[in-house]
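Here is the structure we will look at.
What follows is calculated from the coordinates using simple rules that are stated; it is not laboratory data. Being a predicted model, the structure only gives us computed values, none of them experimental. No Cβ is skipped: glycine too gets one built from the backbone with ideal geometry, and neighbour counts run over all protein chains shown.
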Amino acid sequence: MKKLIIANWKAKLDPRESLDLAKKYSKMSDAKNNVVVCPDFTAVQQVATILKGSKMSLGAQNCSVFSPGAYTGEVTAAVLKKIGVKYVIIGHSERRAAGESERSVFEKLIKVLELGLVPVLCIGETANERKNKKTTAILKKQLESALAKLPKKLLEQRIVIAYEPVWAIGSGRELDPEETEIQISLIKKWVFEIGGVNSQVLYGGSVDSQNCSLYLNQKSVDGLLVGGASLDYRVFDKIINC
Ligand code: PGA
């Protein structure tokens, strides 16, 4: 079965560089797996134009908790949808570290699901939480605060979850694939208990072309969220065909 590979370009490229990278992506031959590309807001529209006609889907790295209106500085999910976005990353640990609350993660999930877009909900423990053996409790808490109060109709829509240990992101210290399998199967069990019926769970954190197959070969791992390694199209080409 095809897995889902999401490229998160973060805030690392200027619009010209995003355009160049999108052009390189668009010339790759059709991948073995499904691919989603998440540029920053300034590049979403031009990347949409480049990827039109390719099999890759467009994603955004965040969205507003608000609907369109008088909210200076916000980018709404409704506008993202209009320019072709299908997936929205919500609650990435870099945003949580910058102050994003569990309440706002929940509100963004509602916005995205109501519009028929697919949320990519990020959860993960910090190095300290892991050291103090709190990984399981943290993952469960983040998952419950995001999903448990969703109206049933929204909970039954497609929801992608990315398990990204915070200490593994951008650090070159990836999680042992066997532990990934254990955590992701637990996450799936919890999502099912909450009432989610159409979820996929990805791994993220220092994924590259060397380790991608170790994760994708795990039974419960439905795909990967890739940061740094998605900025080199040759490396990313290997990952999407992993
Ligand atoms: P990384 O980032 O692949 O550079 O570790 C992953 C992410 O933050 O989504």
Item to check | the chain: radius of gyration over Cα atoms, expressed as a fraction of 2.2 N^0.38 Å | outcome: 0.94
Checklist entry - Hey, fewest Cβ within 10 Å first, where do Phe66, Phe236 land in order? => result Phe66, Phe236
Checklist entry - Tell me, Thr76, Thr42 in order of fewest to most beta-carbon neighbours within 10 Å? => result Thr42, Thr76
Item to check | Within straight-line cross-link reach of Lys81, aspartates and glutamates at Cα separation under 13 Å, skipping those fewer than 8 residues along the same chain | outcome: Glu114
Checklist entry - What percent do you get for the relative contact order of the chain when only Cα pairs under 8 Å and 6+ apart count? => result 20
Next on the checklist: I'd like the isolated cysteines in the chain, meaning no second cysteine's beta-carbon lies under 4.7 angstrom from theirs.
Outcome noted: Cys38, Cys63, Cys122
Next on the checklist: Defining a contact as two alpha carbons under 8 Å apart and six or more residues distant in sequence, what relative contact order in percent does the stretch 85-146 show?
Outcome noted: 41
Next on the checklist: Take the residue pairs Lys82/Lys219; Lys152/Lys189; Lys32/Lys189; Lys32/Lys86; Lys82/Lys141 and return only those whose Cα atoms are more than 29 Å apart.
Outcome noted: Lys82/Lys219; Lys82/Lys141
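Based on other C-beta atoms within 10 Å, arrange Tyr71, Tyr215 from fewest to most.
Tyr71, Tyr215
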Next on the checklist: Residues of the stretch 6-30 with the amide nitrogen closer than 13 Å to a label point 7 Å from the Cα of Asn241, along Cα-to-Cβ, please.
Outcome noted: 27-30
Checklist entry - Which of these, Leu117, Leu13, Leu225, has the largest mean-square fluctuation under a Gaussian network model of the chain (Cα springs below 10 Å)? => result Leu13
Checklist entry - What percentages, rounded to whole numbers, describe P(r) for the stretch 166-241 computed over all alpha carbon pairs with 5 Å bin width beginning at zero? => result 3, 16, 26, 22, 16, 10, 5, 1
Checklist outcome for this item: Expressed as a whole-number percentage, the relative contact order of the stretch 172-222 with C-alpha contacts under 8 angstrom and at least six residues apart is 52
Checklist outcome for this item: About its Cα centre, the stretch 96-242 carries a charge dipole, from +1 on Lys and Arg Cβ atoms and -1 on Asp and Glu Cβ atoms, whose size in debye to the nearest 20 is 440
